[in-house]
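Trainee: My structure is below; once you've seen it, I'll send some questions.
The values are calculated or read from the model by the stated rules, or taken from the named source; none is laboratory data. None of the values given here were measured: they were computed from a predicted structure. Backbone-built Cβ (ideal geometry, glycine too); neighbour counts: all protein chains shown.
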Amino acid sequence: MSEEAHPHLEARLRALSAAHQKGIRRFLGRLPAFVGRGLLNAAQVEVLEDFLLSLGEANRNPSNTGNLEDLFCYTLADTKDPVRAFAQAMADAIKVVPMDDAAELRPRLKVMGNGRVFSKVGDLTGYNAADKMLITHTMVAYGDPAMRRTAARFIRASREVDDAALEREIARMAVQSQHGPSSTFVLARTRGLTIDVAALYRDGGYSDATIEDAQRFYDVCARFDPKWVLPFLDGFIPSSDEWSAWRRQYLEARARLPSELIYQLSSDTLTNFLDGTLESGKWTDASIVFGGVKSAEEIPSALAKIVNQYVAEHIALHDRPAEELLGAVAPPLEPWGVGFVDGRAVALDGRAKNANEIQAQFDAAWARMHKPRS
């Protein structure tokens, strides 16, 4: 984004923190190549610019920007569909701790058994702030009026649609973006909670049969036993009969989902260790919040542990070979001090090539998380 071409946007960008500027400039720097290939137009780029700047102005976590970049760019290159790509970036755009308790959920959550419905974040009680974010962020994104207006702008920049078709497209974006079940870490926290799919799927124009199939899938997800996450955290797959029976139900139900949601469940895993995500510091943040890391030197080992969890999930939840994931993530991980031995991620001996950047990420994340609240 040049100052000569977009002086007002450049001024907005310069008003942001250095961390926000870095991630946004990197993301926007990749867009001209897609324009050159005919996969994006100028109007779509303008919406993306405003979208990213608005996230920075709202002081969303800058360490998330790189993951939005990888989600968008990977999906666009792979599907050639800009709206599907934007749907994935938008779904992960509001990942803040704590979430706003007044934030609306679209789709809504409900409790298995008694049918109690949760329509906003604050309806969830008994969860800590980080878990609320993991459970609700994709629903908050599509429940937020400003985000839906941005989605509408992007759709109109992509194709001619009337108002009814526009609302269907936004609903379909939300349908394909509910990717919590791609992670055992999230599944363990949503035990007993299912997504209430009917209203959203009807808004998206899906058939009654598809609605029934999708509800069955999320109901199966709600029966995930939190104890099963423990082997995954060490990069292994559970071996009990109960696990095998649940996995069979999960895969059978998953196969009947809308194809765009099946795609997102898999690609969300594949994009988690690409260059943008790693350079943004997302996993440094996660290692401090969820992994108890207290120094930059611990980051490669913590990152290797996370990678092994994702490899196990790629096999168990997506029914895909480990080699598919390893081939995609091994090159970008090496500069961050992570290699592979016999198919398992390990912290490499010696100083990581990006050791200085790891230290900078750690210092920024530690300061941000321990900043006194006003």
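Trainee: Which of the residues that make up region 308-345 are without any contact (Cβ under 8 Å) to a residue 40 or more places away in the chain, surrounded by 23 or more Cβ atoms within 10 Å (Cβ to Cβ) and of a type in the set (A, V, I, L, M)?
Mentor: VAL338, the sole residue that qualifies.
Trainee: Sort through SER267, SER280, SER287 and tell me the only one that's under 14 Å from PRO181 (Cα atoms) and of a type outside the set (Lys, Arg).
Mentor: SER267
Trainee: Pick out the one residue from ALA245, ALA209, ALA255, ALA174 that is without any contact (Cβ under 8 Å) to a residue 12 or more places away in the chain and under 22 Å from ASP78 (Cβ atoms).
Mentor: Just a single option satisfies the conditions, and that option is ALA255.
Trainee: Scanning for something within 23 Å of SER266 (Cα to Cα) and touching a Gly at 6+ places or on another chain (Cβ under 7 Å), does region 294-303 turn up at least one residue?
Mentor: Among the residues of region 294-303, at least one is within 23 Å of SER266 (Cα to Cα) and touching a Gly at 6+ places or on another chain (Cβ under 7 Å), which makes the answer yes.
Trainee: Taking the stated definitions as given, is VAL186 closer than 30 Å to VAL35 by Cα and either under 18 Å from the mean Cα position of the chain (by Cα) or in a loop (DSSP other than H, G, I, E, B) (or both)? Don't jump to the end; show me each part of the working.
Mentor: Numbers: closer than 30 Å to VAL35 by Cα: no; either under 18 Å from the mean Cα position of the chain (by Cα) or in a loop (DSSP other than H, G, I, E, B) (or both): yes.
No: the conditions fail for VAL186.
Trainee: If you don't mind, another one. Only one of ARG320, ARG368 is basic (Lys, Arg) and within 28 Å of VAL97 (Cβ to Cβ); which?
Mentor: ARG368
Trainee: Can I ask one more? Somewhere in region 275-292, is a residue without any contact (Cβ under 8 Å) to a residue 60 or more places away in the chain, over 17 Å from LEU187 (Cα atoms), out of contact with any helix residue (DSSP H, G or I) (no Cβ under 6 Å at 6 or more places or on another chain) and outside any helix (DSSP H, G or I)?
Mentor: Yes, the conditions are met somewhere in region 275-292.
Trainee: Name every residue in region 17-43 that is in a helix (DSSP H, G or I) and farther than 27 Å from GLY281 by Cβ, in order of residue number.
Mentor: Matches in region 17-43: VAL35, GLY36, ALA42, ALA43.
Trainee: Scan region 222-245 for residues that are assigned to a helix (DSSP H, G or I), closer than 16 Å to GLY180 by Cβ and out of contact with any Phe, Trp or Tyr (no Cβ under 7 Å at 6 or more places or on another chain) and report the count.
Mentor: Residues meeting the conditions: 2.
Trainee: Does region 116-124 include one or more residues that are surrounded by 17 or more Cβ atoms within 10 Å (Cβ to Cβ) and among the β-branched types (Val, Ile, Thr)?
Mentor: Yes, region 116-124 contains at least one residue that is surrounded by 17 or more Cβ atoms within 10 Å (Cβ to Cβ) and among the β-branched types (Val, Ile, Thr).
Trainee: Continuing with this model, one more query. Just to be sure I understand the filter: pairs with C-beta atoms under 7 Å, separated by 6 or more residues or on different chains, first member in region 138-166 and closer than 22 Å to ASP92 by Cβ and of a type in the set (Phe, Trp, Tyr), second member at pLDDT 95 or above and in a helix (DSSP H, G or I). Which pairs pass?
Mentor: Going by the 7 Å Cβ cut-off, the qualifying pairs are TYR142/ARG148; TYR142/ALA174; PHE154/GLN44; PHE154/VAL47; PHE154/VAL83; PHE154/PHE86.
Trainee: May I pose another question? Taking into account only those residues within region 83-104 that are surrounded by 24 or more Cβ atoms within 10 Å (Cβ to Cβ) and of a type outside the set (Gly, Ala, Ser), which is nearest to ARG148 (Cα to Cα)? Spell out the reasoning first.
Mentor: Quick first cut of region 83-104, residues surrounded by 24 or more Cβ atoms within 10 Å (Cβ to Cβ) only: 85-91, 93-94.
Adding the requirement that they be of a type outside the set (Gly, Ala, Ser) leaves 86, 88, 90, 94.
Details: PHE86: 12, GLN88: 13, MET90: 9, ILE94: 13 Å.
Filtering first and then ranking leaves MET90.
Trainee: Now a separate question. Taking the condition of being touching a residue at least 12 places away in the same chain (Cβ under 8 Å) and part of a loop (DSSP other than H, G, I, E, B), how many residues in region 352-374 meet it?
Mentor: The number of residues fulfilling the criteria is 3.
Trainee: Select from region 189-217 the residues that are of a type in the set (Gly, Ala, Ser), within 15 Å of ALA174 (Cα to Cα) and not in a loop (DSSP other than H, G, I, E, B) and list them in ascending order.
Mentor: Of all residues in region 189-217, those of a type in the set (Gly, Ala, Ser) come to 192, 198-199, 204-205, 207, 209, 214.
Still in the list and also within 15 Å of ALA174 (Cα to Cα): 198-199, 204-205, 214.
The answer is ALA198, ALA199, ALA214.
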